[in-house]
Amino acid sequence: MRRVAAVAGSAVFLVLAPGTLAAYVPWTFTRWDVGPPLLGFLPFRVIGAGLMALGLPVLLDSFARFAIQGLGTPAPIAPPQHLVVTGLYRYVRNPMYVAVVALILGQGLLFGSVSVLEYGMVVWLSFHIFVLAYEEPTLGDKFGDEYKEFCANVRRWLPRIKPWRGTGNVT
């Protein structure tokens, strides 16, 4: 896939998938009206805003890497041609999913919505099942030892403290 097509495809997929999951659906629960803080604990709002402030740039950076370095999109119909293991992928294998969940949970905390928090947990569980049942086997088949080395060194959901640098076989 050519870089321009990959960028365009990634932009469309960004709006359709994460845009729906992390913006439109939470909006349907809250209409972005701020309710009372959960458990009457005002710092939950600050934590929520922080999760959102961290999640958005992580999501955008991850999408850009898929298009520019991977020469593909996050969509299964136009996957990357190269395994992306740079940037935030050196810390966690699934920064896009982590970012989407952070955006959703952040909104739940910011707007004081238990429904959005519950929805965020369902989204995370769905991502987990998708990653285990489809994504990891598919990437393992496509990228072989390169992907196995990546998986052996970078955790699925919890970021590393120090970035993984690879052993020279992975760029």
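The values are calculated or read from the model by the stated rules, or taken from the named source; none is laboratory data. Everything numeric here is computed off the predicted structure, so don't read it as measured data. Methodologically, a virtual Cβ is constructed for each residue, glycine included, from the backbone with ideal geometry; neighbour enumeration extends over all protein chains shown.
Just give me the residues in segment 60-85 being touching a residue at least 60 places away in the same chain (Cβ under 8 Å) and among the polar types (S, T, N, Q), in sequence order.
THR73, GLN81
Give the residues of segment 132-153 that are closer than 17 Å to PRO74 by Cβ and surrounded by 12 or more Cβ atoms within 10 Å (Cβ to Cβ), sorted by residue number.
GLU135, GLU136, THR138, LEU139, LYS142, PHE143, TYR147, PHE150
Out of all the residues in segment 108-161, which are closer than 18 Å to ALA22 by Cβ and hydroxyl-bearing (Ser, Thr, Tyr)?
SER113, SER115, TYR119, SER126
For residues that are in contact with a helix residue (DSSP H, G or I) (Cβ under 7 Å, 6 or more places away or on another chain) and of a type outside the set (D, E, K, R), tally how many sit in segment 132-150.
Within segment 132-150, residues that are in contact with a helix residue (DSSP H, G or I) (Cβ under 7 Å, 6 or more places away or on another chain) and of a type outside the set (D, E, K, R) number 3.
For segment 15-34, does any single residue satisfy the condition of being more than 18 Å from LEU158 (Cα to Cα), assigned to a helix (DSSP H, G or I), among the aromatic types (Phe, Trp, Tyr) and at pLDDT below 95?
No - not one qualifying residue is present in segment 15-34.
Under 8 Å between Cβ atoms, at least 6 apart or on separate chains: pull out the pairs that start in segment 33-59 with a residue that is closer than 13 Å to GLY108 by Cβ and end on any residue that is at pLDDT 95 or above and among the polar types (S, T, N, Q).
From residues that are closer than 13 Å to GLY108 by Cβ, the pairs are GLY35/SER113; GLY48/GLN107; MET52/GLN107.
Kindly evaluate GLY9 against the criterion of being on the phi < 0 side of the Ramachandran plot and at pLDDT 95 or above.
Answer is no for this residue.
If you take the residues in segment 20-50 that are under 27 Å from LEU83 (Cα atoms) and in contact with a helix residue (DSSP H, G or I) (Cβ under 9 Å, 6 or more places away or on another chain), which one is surrounded by the most Cβ atoms within 10 Å (Cβ to Cβ)?
My answer is ALA22.
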